[in-house]
């Protein structure tokens, strides 16, 4: 009798062998299964806040793509560091595409349409800030300080302008939404805010919203859509499945 036939006969007549074989197959299946992909949301971001349904939408997106996830919330700089230096598969929600990020990550189709940033100032600085008819003139104005989040991209054109401001730009470790709290406390004269952040701050008295004013400048660079940013350890085929789910859910419309 051939060896394979002998093994089949043994399995048929030995319950213990059948149980052991099934256990080995189960263990092998677990070992071969892909680990959950780390899915991170940016801490203190209002774009995909816990209460606005945005996170549920992202959960449906990954379920549609057939990708198991482990959800975490992390500071933006920690997310970028993990994308660059940690080996595990990781996607993060709500990032602007830049050449630097394209160098170490894969970016999905847009999941939110472009939004123009707003200049936000406080009542004390409003007379000086509102004197300027253009954003370029405002950013070149002597004596006015711009508060920005260190390590956060405002879009490549604005990032270059901010870098050219020298000491007139005041970077700090706070998230963009917290720049509005610092602005209300007169730590600087104005900041650049996402409309989501400004509207959220307007509804929270703790941000001293009566002290904040939003201004529109005609030369504000075009808004940039938001994407999923995935580490290079996420296979290209997986990102393609995610893109297919983005199209199927219509999240890229208007982008």
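Please treat every number below as a calculation from the coordinates, not as lab data. Not measured: the values here are computed from a predicted model. No Cβ is skipped: glycine too gets one built from the backbone with ideal geometry, and neighbour counts run over all protein chains shown.
Fewest-first ordering of 111, 58 by other beta carbons within 10 Å of each residue's beta carbon gives 58, 111. Within segment 121-153, list the residues whose amide N lies under 11 Å from a label point set 7 Å along Cα→Cβ of residue 219. In segment 121-153, the label zone of residue 219 (backbone N under 11 Å from the point 7 Å along Cα→Cβ) covers 133-141.
Among 78, 161, the order by Cβ neighbours within 10 angstrom, fewest to most, reads 78, 161.
So how do 85, 196, 190, 116 line up by other beta-carbon neighbours within 10 Å, fewest first?
Numbers: 85 9, 196 20, 190 24, 116 13.
Fewest-to-most ranking of 85, 196, 190, 116: 85, 116, 196, 190.
Please state the shape class of segment 118-215: rounded when a/c is under 1.5, otherwise prolate if a/b exceeds b/c and oblate if not, all from the C-alpha gyration tensor. Please list the in-between numbers first.
Numbers: a/c = 1.67, a/b = 1.24, b/c = 1.34.
Cα axes put segment 118-215 in the oblate bin.
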